[in-house]
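For reference, the structure discussed in these notes is given below.
The values are calculated or read from the model by the stated rules, or taken from the named source; none is laboratory data. Given the structure is predicted, the values throughout are model-derived calculations rather than measurements. Cβ atoms come from the backbone with ideal geometry, glycine included; neighbour counts cover every protein chain shown.
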Amino acid sequence: MTPPRPGPLARARLLTSPSVAPAVVRELERITGRPAETDLTTAPDGPFVCVGSVLPEALRTPDLLWFHSVNAGTDALLAAGPWPGEALLTRTVGRMGERIAQYTLAWILAECQSVPEHTAQHSRYEWRRLPSELAAGRTAVVHGTGRIGGAVAHLLRTCSLRTVGVSRTPRAVPPGFDRVVLAGSDEETAALEEARWVVSTLPLTGATEAYFDTARFTAMRGATFVNVGRGATVDMAALEAALHGGAVRRAVLDVLPDEPADPGDPVWRLPRTVITSHSAGITADEDVVADFGACWEAVREGRTPALAVDTGRGY
């Protein structure tokens, strides 16, 4: 995607969603050198830039130069309707990669140290020694080799795990990975067969919906599945069958196809599964400010920001 031209950007009005914190709005005003407006019910006359979590239909006009999402995921934005013209779309990542990597490592180590079993024993007032497992030398397969997948792989590798990335397109091996295989290849199947942990950081696109299906779960042969990407990338019926059949040892699900899950949702009854309410990488206010500021500087210099989203591909 190409950045807005300097002329329209210079006279563009700044719109912010009411959900954007006042402290963040003040920083956005400082960065752009113009006051923010919070009325998103009608589009302003002339070019405008908008910052928020949703883009109302009324603002999906040719005058929209740029929308900066305060979230990392943009699938809901793109699914809400056709993206307007040549409008730039950027997103907030901030330190989310670090947070999600920490979350993933924490659950891996908790499993190695039998934390769920010790917690259950404690609730029963039961003293019983339990063995631990070394994570070092085991294989973690990380689906998604972008910023977040790379951060996860990097942290796991510092703990001496072997990291195999899975990518939809051929690419050089990014930092943090020992090797990368193509999605849908025999090499991916072989990696899943040797994996102790399988981690998904995938975005939701037409190509990744129900990506984790019966075939992939069957190939895992007892791996633990951790989903920190998007819930709809998982065929939940296939996951349930794999958990009951033993192809998947455990599941840690930060995301679900339908959120929030109500108390009667069957996901709460999946065996050996923990659900963490989409909390692995919550965006902080400082992330929004830092990432918007970096994007603003890039756009002013005529560069496409590193956080730009390809609206055709969805990420």
Hey, could you check the stretch 33-64 for residues that are within 20 Å of Val93 (Cα to Cα) and not hydrophobic (A, V, I, L, M, F, W, C) and say which is surrounded by the fewest Cβ atoms within 10 Å (Cβ to Cβ)?
Ser53
Can you find even one residue in the stretch 93-109 that is within 30 Å of Val226 (Cβ to Cβ), of a type in the set (Lys, Arg) and in a helix (DSSP H, G or I)?
yes
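Which of the residues belonging to the stretch 87-108 are among the polar types (S, T, N, Q) and either buried (at least 17 other Cβ atoms within 10 Å of the Cβ) or at pLDDT below 95 (or both)?
Thr90, Thr92, Thr104, listed by residue number.
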For the stretch 263-315, the count of residues that are without any contact (Cβ under 8 Å) to a residue 24 or more places away in the chain and assigned to a loop (DSSP other than H, G, I, E, B) equals 7
Here are Asp178, Asp235, Asp213: which of them is farther than 21 Å from Glu259 by Cα and of a type in the set (Asp, Glu)?
Asp178
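Within the group Glu194, Glu126, Glu188, which residue is under 19 Å from Ala247 (Cβ atoms), out of contact with any Ser or Thr (no Cβ under 8 Å at 6 or more places or on another chain) and not hydroxyl-bearing (Ser, Thr, Tyr)? Full working, then the answer.
Details: Glu194 fails: out of contact with any Ser or Thr (no Cβ under 8 Å at 6 or more places or on another chain); Glu126 fails: under 19 Å from Ala247 (Cβ atoms).
Going through Glu194, Glu126, Glu188 in turn, just one is under 19 Å from Ala247 (Cβ atoms), out of contact with any Ser or Thr (no Cβ under 8 Å at 6 or more places or on another chain) and not hydroxyl-bearing (Ser, Thr, Tyr): Glu188.
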Confirm whether Thr169 is of a type in the set (S, T, N, Q), exposed (fewer than 13 other Cβ atoms within 10 Å of the Cβ) and either without any contact (Cβ under 8 Å) to a residue 60 or more places away in the chain or not in a helix (DSSP H, G or I) (or both).
yes
Considering the stretch 228-242 alone, what residues qualify as being out of contact with any His (no Cβ under 9 Å at 6 or more places or on another chain) and touching a residue at least 12 places away in the same chain (Cβ under 8 Å)?
Val228, Arg230, Ala232, Val234, Asp235, Met236, Ala238, Leu239, Glu240, Ala241, Ala242
Here are the criteria: (1) crowded, with 17+ Cβ neighbours inside 10 Å; (2) farther than 19 Å from Gly281 by Cα; (3) touching a residue at least 60 places away in the same chain (Cβ under 8 Å); (4) not assigned by TED's automatic domain parsing to the domain that holds Pro131. Tell me which single one Glu111 does not satisfy.
(4)
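Within the stretch 225-240, can one find any residue that is among the aromatic types (Phe, Trp, Tyr) and either outside any strand (DSSP E or B) or at pLDDT below 95 (or both)? So that I can check it myself, show each step before the final result.
Taking the stretch 225-240 as the starting set, the residues that turn out to be among the aromatic types (Phe, Trp, Tyr) are 225.
Subsequent filtering for residues that are either outside any strand (DSSP E or B) or at pLDDT below 95 (or both) retains none.
Scanning the stretch 225-240 turns up no residue that is among the aromatic types (Phe, Trp, Tyr) and either outside any strand (DSSP E or B) or at pLDDT below 95 (or both).
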Among the residues of the stretch 227-237, is there at least one that is surrounded by 21 or more Cβ atoms within 10 Å (Cβ to Cβ) and among the acidic types (Asp, Glu)?
no
